[in-house]
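Nothing in this text is a laboratory measurement; each read-out follows from the coordinates by a stated rule. What you are looking at is a predicted structure, and each value in this text was computed from that prediction instead of being measured. Cβ sites come from the backbone with ideal geometry, for glycine too, and all protein chains shown count toward neighbours.
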Amino acid sequence: MVPLSYYLVLSGILFACGVTGFLIKRNIITIFMSIELMLNGVNLSFVAFAAHWHALAGQVFVFFVMVVAAAEAAVGLAIIIAVYRNRETLNVDRVNLLKL
Amino acid sequence: MTQNPYLWLIPALPLAGAAINGFLGRRSSKNAVTTIALVFPGLAFALALWIAAQFSSSAAPYGFNLAHWIRAGSFTADFAFYLDQLSLVMLLVVTGVGFLIHVYSVGYMWDDPGYYRFFSYLNLFMFFMLTLVLANNYLLMFIGWEGVGLASYLLIGFWFTKDSAASAGKKAFIVNRIGDFGFLIGLFLIIQHFHSLNFTEVFDKIRPIAPETTGAGLLTTIGILLMVGACGKSAQIPLYVWLPDAMEGPTPVSALIHAATMVTAGVYMVARSHVIFERAPIALTVVAIIGTLTAFFAATIGIAQTDIKRVLAYSTVSQLGYMFMACGVGAFSAGIFHLMTHAFFKGLLFLAAGSVIHAVGGEQDMRKMGGLATYIPWTALTMGIATLAIAGIWPFAGFWSKDEILWKAYQTNWVYWLIGLVTAFITSFYMFRLFFMTFLGDYRGIQVDKHGQSHAAHGHDAHGHGEPHESPMVMLVPLMILAVLSLVGGLVGINDGFDHFLAPVFSSGAAAEGAGETASHGLEMLFMVVSVLVAVFGAGLAWVLYVSRPYLPQKIADSLGGFYEAVLNKYYVDELYAKLFVKPLVDGSTRILWQGVDRKVIDDSINDAADGARHVSDEVRHMQSGNLRSYAGWIAAGAAVVVAYMIWLGVGR
Amino acid sequence: MSVIKSAVVLGVLLGAVAYTVWLERKVVGHIQNRWGPTRVGPFGLLQPIAVGLKLFVKEDLTPPYVYKPLYIAAPLIAIIFALTSISMVPFGNDVVVGGYTIPFQITDVNTGLLIILGITSIGVYGVALAGWSSNNKYSLLGGLRASAQMVSYEISLGLSVVGVLIMAGSFSLRTIVDSQAGLFWGFIPRWNIFTGQFVGFFCYLIAAYAETNRIPFDLPEAETELVAGYHTEYSSMKFAMFFMAEYANMITVGCLATLLFFGGWRGPIFGPGILQAIEPVFWFVAKVVVFLFIYIWVRGTLPRFRYDQLMAFGWKVLLPLSLANLIATAIAVAW
Amino acid sequence: MLSVHLVLFLVFGAVALAGAVNLLAQTHPINSALSLIAVMAALAGEYLLLGAEFVAAVQVIVYAGAIMVLFVFVIMLLNAGVEERTKGSRVAILFGIPGMLLGSLLVAWVLLRYSGTGEVAAGALPGAPKTIGPLLFHEFLLPFEITSILILIAIMGAVVLASKPPSSPVPPREGGF
């Protein structure tokens, strides 16, 4: 038996790592991967809760998260390719036209 | 209430005509426009005659509910029509006189470039007027009321390129708004207290209420407010100022709208609301006083006017004052009777005046006419009949109705009668003055064809011929028909026939009526003789002053000095209004509303808000660095705050 | 127990890989009117050993400018996942030896097929990373082609299998095989390929060819265009690993095809008890060998696709076809 | 007492954590991608521990096998290099790392301290395909269909975004603003 909170702590730390990666990484692709990391962290808590409450809905939710992640990856990577085509860089600090 | 499913067709037919001419008239030939313009009101008139033929007092009132309109809770107002004896009279007057004036207009407006537009407006007016007359509730009546206002505005400003016409239209519109304001508030009061605007329902609720003899109450308030509306529409003191200016419109318009029909809407409305007024003696008294004063006041102005149409305009105001006086003394049927005869002879007067103007090439100043009887005998004949009618000479139409009013007025208060009699004298004087100045004596107009150009601005009848000439038959035939009506129209009032016809409507009748019957017939005969004598005397005076001794008027005017000036300038009422109302309004709007409220409050607050927003944005925009990660950082910080708050909530628990 | 089984299976597999290479060379040789290997041993049977030795003792050349950690990791990833997937594959019925029930399978999990699919999908990384880490444009192109191709065809592969799954109602390979027991009219086996999964089978086969980068879909290593594609920069044992991974994958695909569509180890059972214990394994191996032969046959016969043709075929023909098969199967089963 | 479950949990957790940290530490995106794959694999192990075998398989097939391949593909396609260092990145690291540590510790402390005594057993809720399927296709049918529409839209969006711009650009309008 493992306390539920252990899973949640692991999930939380993974999520925090994702957030941190989002903040400190410069490469758009890595930033994107950080988002996936966050989603994974969330998925873990879904599955853990599902086991804890004996509710399969938690696992079903993981599927939906995965679907969304897949859709997001498709569109996001396409955007990254488009950005690269225009700006010749993957560094977010150089993709900064969105300012005064 | 008997159903009559054809009722709605009467207003709908002119509307169809207006729509067809309005939308298609520009591309249609003049003959097509004429056909459309005449057929639809003609059909409406025929239908009205047919309905009148089938009309039986026992089956009245007729009604027809065309469509639901407003249904809010228990309050309903529908597109529903209502026909009783009162509406029937109005219906026949409006469609009949209206149709004749349409026919006349064909000749009068033939050369106008806005021919189709004119008839579209005219038909539109017919539609609204018939809606007003046939409405079964105040709201639909109000629609007609506003609609005729609109048509009037459009037609007064028909030659909108002329500055005076455009401003006259605006003046009519604005002055009418003041009256409508009172009317509307009256309607709101009715809704508030009687929860309906339907005539039948409202009157059924009011009938049990005892007359407010002791002081002003709800019904008095409603009555006075309704009267304010009627004053606006029917050009009574103090809102009469628009009507003389409205003469800027084409003459048939003056005849139809500003003499025969629209201006009588106020009288009709007061008569329709007789149930309210009968229970509000104070309001009734106010109506009577205003009517009497207007009658007298306008008549005096009429003496000094030289513009043929303006004389008629003031005479119209004066005659409307008579009708109000009749209503004010509780003789509603007498008022309606005068309304009807007035429609005949005043319509005729205007049309004949139009014919005169047509004949002399657009000239309206009577001083430049004279001796026209030889040039345009038919016009002179018909106009003479009309003048006799309005002056109240036996047995012309005006005599019967005016005499009825004076008789009823006397029964209420002899002061009304006295002023009415004096007014009748003045009326007779200035009407014959008009007739003599125009048709007798020598022609004083310019004989050469110069006027063709000098009056081109009038936009009509600009063919260049020097001789005054008779109008075409299409104009003369309506004149003749109206002349006949002016001659015999009063006969329906013999032996109180008209009174009895309308009796079912005014059955709850004024208390004064009963008393009148007991008064001796001899007295009534005496009064008749007196009023005829007065009229003849006025005519004689006019003959003396303008035919046999034409130098006298100038002398009299000189001797009167300032008073004559005042009369000539319509007692400076327009100037007074400009000083009293217009200027303060304009100044107030400029200083307080524009520079005070609009600039200092609204503009400044908006500018300050915008400035504030910009200042704040100037500071905040540094957050928008264009750096994606700084945005992400803000999101994360925000999420962290939310999470921290939730944790704090959870831990705190 | 598992360890022993693993070792045995691994040994057999590696041997099979070696002799698949031999088989290929022989068959292709004969197709091309040659003899193939003949010198080393009878019929060249010792050739694989010689080749292995040669690769083993060759100099392990690591070019400069490669990204070393991944350059080394890539072939490992390829071979490890290729060999792992076999662990889910059952070869035959359980046999009872001296009271012990020995399943002919390393592990039996409920979701065996899923896990095999997962493992093969991970296998892409070996090829892709090898291409990228070599720092060579041919390799990179090969890696790119491989990853795109494998991701695309994996969808068709998965969908073509779902028909079988619906019919069997399980992810367990053993259950799937059991569901194919019996005969039609006494002589046609109730294999899935005969019970309606004909289209599914061909979709599977084509997708599998693409997954294993075999001709006619061997674009990632198309020697005429890309030198040797993703393993251009590899030599000696590292190259051998890719080589072995490819053939191991072929064997796995063959095993899966046998299990899913051809009744697995099912076949006529006769003879004495010991023979009866061996016969299922024999049938199984025989069917797999047939598949390997088809692989080689196709290689010797068909030309290579163009890359755009490959992608267009995958997305526009194969995917709709396998989807249609899936829907048809679902309707048939539900009805 | 250390149960097998706990030991396995800790092992997988450690792998996941190491992968996550490595994702942050690596400067080359392909290393980060591989770290992420490691995290996903470890999480698949965690799912298996919890009995969610189907989720675990899908995690491997979809996440590791498809989505991450796409990432690697794009990295290869764009030939992404080592990250550049900029002033902003240093500031971000300066605040980001301590922030993450602080946040993680806070979350961990709160969760451990306040989340009650809930425990989960190994394989507590077997999420076999057979049990998840009905749930997915009956109870969650509408969300399921909506996600399929989402996927469809995403496909179209990706195609439009990544397709090459037309070779001949639209000529500018004449007499425009």
So, in Å, what gap is there between the alpha-carbon centers of region B:168-198 and region B:600-632?
48 Å
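Order these by the 10 Å Cβ neighbour count, fewest first: B:T2, B:T316. Display every interim value, and only then the final one.
Details: B:T2 12, B:T316 30.
Final ranking by Cβ density, sparse to dense: B:T2, B:T316.
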Taking the Cα centre of chain A as the origin, how large is its charge dipole in debye, to the nearest 20, when only Lys and Arg (+1) and Asp and Glu (-1) carry charge on their Cβ atoms?
340 debye
If one computes P(r) from the Cα atoms of region B:565-653, what percent of pairs lie at distances over 21 Å?
69 percent
Ignoring everything except DSSP H segments at least 4 long, calculate the 222 nm mean residue ellipticity for chain B; use -39,500 (n - 2.57) per segment, divide by total residues, nearest 500.
-22000 deg cm²/dmol
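By count of other Cβ within 10 Å, fewest leading, how are C:M88, D:M76 ordered?
Numbers: C:M88 25, D:M76 21.
Ranking C:M88, D:M76 by Cβ neighbours within 10 Å, fewest first, gives D:M76, C:M88.
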Among the lysines, which fall within straight-line cross-link reach of A:K25, defined as a Cα-Cα distance under 17 Å, with same-chain neighbours fewer than 8 residues apart omitted?
D:K87
Mind listing P(r) for the protein assembly as shown? All alpha-carbon pairs, 20 Å bins, whole percents.
9, 26, 14, 10, 18, 16, 6, 1, 0
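Please state, as a whole number in µm²/s, the translational diffusion coefficient that the Stokes-Einstein equation yields for region A:48-100 at 4 °C and 1.567 mPa s, with Rh defined as the Kirkwood radius across alpha carbon pairs.
Translational D for this selection: 93 µm²/s.
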As straight-line cross-link partners of C:K316, the qualifying aspartates and glutamates (C-alpha separation under 12 Å, not fewer than 8 residues apart within one chain) are C:D308
Angle, helix B:414-439 long axis vs. longest principal axis of chain B, Cα atoms, 0 to 90°, nearest 10?
80 degrees
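At 0.890 mPa s and 25 °C, plugging the Kirkwood radius over alpha-carbon pairs of region B:290-336 into Stokes-Einstein gives what diffusion coefficient in µm²/s? Let's see the in-between values first.
On the way: Rh = 10.5 Å.
For these conditions, the coefficient is 233 µm²/s.
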Give me C:Y67, B:Y104 sorted ascending by neighbouring Cβ count inside 10 Å, so fewest comes first.
C:Y67, B:Y104
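Of B:K171/B:K233; B:K205/B:K233; B:K368/B:K402; C:K54/C:K137; C:K26/C:K54; B:K171/B:K600, which ones are farther than 21 Å apart at the Cα?
Among B:K171/B:K233; B:K205/B:K233; B:K368/B:K402; C:K54/C:K137; C:K26/C:K54; B:K171/B:K600, the Cα-Cα distance tops 21 Å for B:K205/B:K233; B:K368/B:K402; C:K54/C:K137; B:K171/B:K600.
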What number do you get for chain B when its Cα radius of gyration is normalised by 2.2 N^0.38 Å, N = residues?
1.15
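Evaluate the charge dipole of chain B about its Cα centre and quote only its size in Debye, nearest 20, assuming +1 on the Cβ of each Lys and Arg and -1 on the Cβ of each Asp and Glu. Display every interim value, and only then the final one.
Working: 36 positive and 40 negative charges, 173 e Å.
I would put it at about 840 debye.
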Taking every alpha carbon pair in region C:62-334, what does the distance histogram look like in 5 angstrom bins from 0, in percent?
1, 6, 12, 16, 17, 15, 12, 9, 6, 3, 2, 0, 0, 0
Which lysines have a Cα less than 25 Å from the Cα of B:K30, not counting those fewer than 8 places away in the same chain?
B:K162
